[in-house]
Amino acid sequence: MSARDRDEEEAHIEASRAPLLDHLIELRQRLIWSLLTFVVAFGICYAFAEQIYGFLTHPLAEAMQGQPGRRMIFTALYETFFTYLKVAAFGALCLSFPMVAVQMWMFVAPGLYRNERAAFLPFLFATPILFIAGASLVYFGLMPVAIRFFLGFESPGGPGSLPIQLEAKVSDYLDLVMTLIFAFGLSFQLPVLLTLLGRVGIVSSDFLRRNRRFAIVIAFVVAAVLTPPDVMSQFSLAVPLCLLYEGSIWSVRLIEKRREDASKSAGEAV
């Protein structure tokens with residue numbers, strides 16, 4: 001950006017400045033719109049809570065297919081009701097996120113330069129895509145493997161011993177699935193975080209490359225904490241995290257190269 005363009009941008013931002021009270025009023029309006037969106041989405045999701053819960057329990061039902069007498073239980077009178085509330089809140093968060101992100105962007109964007117807005121927009125689109133990728137890995141990859149692993153501990157029993165059979169609680173299963181989906185979705189935001197840090201100059205591609213071995217260790221530690229205690233589940237999170245870390249190095253390096261090219265162009269212009 002030339003000095004003239006930058007001056008014009010600064011003049012535009014200065015002209016759009018408002019007193020603190022006006023900013024607080026606008027922030028309140030953005031929050032109200034976000035909250036209303038969440039409430040409407042919650043009502044819609046609660047109406048379909050049983051279907052959404054059926055979708056979340058599909059991996060377990062698939063693993064138990066062909067075994068008559070299988071069921072899920074609840075041990076408290078109100079357990080299923082509160083489980084459906086959790087399902088509705090979970091679905092509402094997913095449905096309302098685009099509106100919340102748009103409201104945040106509309107509040108922040110007027111205070112950014114044009115090049116800053118152009119740089120920030122890709123991250124706004126990448127965040128939900130990476131979250132969906134992490135959630136899909138849990139639903140289609142991790143859960144079937146983990147369920148088969150845990151079902152392997154069932155025992156038919158015999159003379160002098162009782163059979164061991166899974167009777168999953170409704171709330172416990174939902175808590176497990178939601179925890180894994182959020183954990184994987186947030187973990188998959190690693191490239192966004194590291195690229196933003198690289199853009200503001202907090203980290204560099206050389207720094208990330210030098211500390212690759214520590215990042216790999218941390219990825220496996222995080223996977224061991226967040227996933228069920230079997231090797232396949234841990235690798236299903238640790239390996240993608242390592243690949244995302246490598247992608248972050250290339251992303252930060254690309255930003256540095258663009259910055260160097262811009263600096264050279266500015267020097268040649270002078």
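Take the conditions surrounded by 15 or more Cβ atoms within 10 Å (Cβ to Cβ), on the phi < 0 side of the Ramachandran plot, of a type outside the set (Ser, Thr, Tyr) and in a helix (DSSP H, G or I) and apply them to VAL100. Does it pass? Please lay out each step first, then the result.
On the way: surrounded by 15 or more Cβ atoms within 10 Å (Cβ to Cβ): yes; on the phi < 0 side of the Ramachandran plot: yes; of a type outside the set (Ser, Thr, Tyr): yes; in a helix (DSSP H, G or I): yes.
The answer is yes for VAL100.
Which residues, counting only those in region 170-191, are more than 21 Å from ILE52 (Cβ to Cβ) and assigned to a helix (DSSP H, G or I)? If you could, list the steps in order and put the result at the bottom.
Of region 170-191, the ones more than 21 Å from ILE52 (Cβ to Cβ) are 187-191.
Answer for region 170-191, where residues must be more than 21 Å from ILE52 (Cβ to Cβ) and assigned to a helix (DSSP H, G or I): SER187, LEU190, PRO191.
Could you list all residues from region 143-187 that are hydroxyl-bearing (Ser, Thr, Tyr), crowded, with 16+ Cβ neighbours inside 10 Å and farther than 21 Å from VAL231 by Cα?
Applying the first criterion (hydroxyl-bearing (Ser, Thr, Tyr)) to region 143-187 yields 155, 161, 171, 173, 179, 187.
Then keep just the ones that are crowded, with 16+ Cβ neighbours inside 10 Å; that gives 171, 173, 187.
Of everything in region 143-187, just one residue is hydroxyl-bearing (Ser, Thr, Tyr), crowded, with 16+ Cβ neighbours inside 10 Å and farther than 21 Å from VAL231 by Cα, namely SER171.
Could you say which residue among GLU167, GLU116 is acidic (Asp, Glu), at pLDDT below 90 and not in a helix (DSSP H, G or I)? Give the steps one after another, and end with the answer.
On the way: GLU116 fails: not in a helix (DSSP H, G or I).
When all the criteria are applied, what remains is GLU167.
Tell me, yes or no, whether region 58-80 has at least one residue that is closer than 30 Å to GLU260 by Cβ and either among the β-branched types (Val, Ile, Thr) or at pLDDT 90 or above (or both).
The first filter runs over region 58-80 and keeps only residues closer than 30 Å to GLU260 by Cβ, leaving none.
Within region 58-80, none of the residues are closer than 30 Å to GLU260 by Cβ and either among the β-branched types (Val, Ile, Thr) or at pLDDT 90 or above (or both).
Here's the yes/no breakdown for (1) modelled with pLDDT under 85; (2) surrounded by 19 or more Cβ atoms within 10 Å (Cβ to Cβ):
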{"residue": "MET232", "(1), (2)": "yes, no"}
{"residue": "PHE235", "(1), (2)": "no, no"}
{"residue": "VAL239", "(1), (2)": "no, no"}
{"residue": "TYR245", "(1), (2)": "no, yes"}
{"residue": "TRP250", "(1), (2)": "no, no"}
{"residue": "ARG253", "(1), (2)": "no, no"}
{"residue": "LYS257", "(1), (2)": "no, no"}
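Checking ARG70 against (1) farther than 30 Å from PHE120 by Cα; (2) surrounded by 15 or more Cβ atoms within 10 Å (Cβ to Cβ); (3) in contact (Cβ under 8 Å) with a residue 60 or more places away in the chain, only one condition comes out false. Which one?
With (1) farther than 30 Å from PHE120 by Cα; (2) surrounded by 15 or more Cβ atoms within 10 Å (Cβ to Cβ); (3) in contact (Cβ under 8 Å) with a residue 60 or more places away in the chain applied to ARG70, the lone miss is (3).
If you go through region 197-214 one residue at a time, how many are of a type in the set (A, V, I, L, M), surrounded by fewer than 18 Cβ atoms within 10 Å (Cβ to Cβ) and part of a helix (DSSP H, G or I)?
Keep residues of region 197-214 that are of a type in the set (A, V, I, L, M), which gives 197, 200, 202-203, 208.
In the following step, the residues that additionally are surrounded by fewer than 18 Cβ atoms within 10 Å (Cβ to Cβ) were identified as 197, 200, 202.
Add one more test, that the residue is part of a helix (DSSP H, G or I), and what stays is 197.
Total meeting the criteria: 1.
So, restricting to helices (runs of 4 or more DSSP H) that lie completely within region 20-85, which ones have at least 3 residues that are more than 18 Å from ILE181 (Cβ to Cβ) and among the small types (Gly, Ala, Ser)? Even if it seems obvious, please write down each step before you answer.
Working: elements: 20-47, 49-56, 58-63.
Here the list reads 20-47.
Being among the small types (Gly, Ala, Ser), in contact with a Gly (Cβ under 7 Å, 6 or more places away or on another chain) and buried (at least 17 other Cβ atoms within 10 Å of the Cβ), is that true of even one residue in region 127-140? Quick ask: steps written out before the conclusion?
Kept after step one, since they are among the small types (Gly, Ala, Ser), are these residues of region 127-140: 133-136.
Still in the running and in contact with a Gly (Cβ under 7 Å, 6 or more places away or on another chain): 134-135.
If we keep only those that are buried (at least 17 other Cβ atoms within 10 Å of the Cβ) as well, we get 134-135.
Checked against the condition, which is being among the small types (Gly, Ala, Ser), in contact with a Gly (Cβ under 7 Å, 6 or more places away or on another chain) and buried (at least 17 other Cβ atoms within 10 Å of the Cβ), region 127-140 yields at least one hit.
The values are calculated or read from the model by the stated rules, or taken from the named source; none is laboratory data. If you're wondering where the values come from, they're calculated on a predicted model, not measured in any experiment. When we count neighbours, we look across all protein chains shown, and the Cβ atoms used for this are built from the backbone with ideal geometry, even at glycine.
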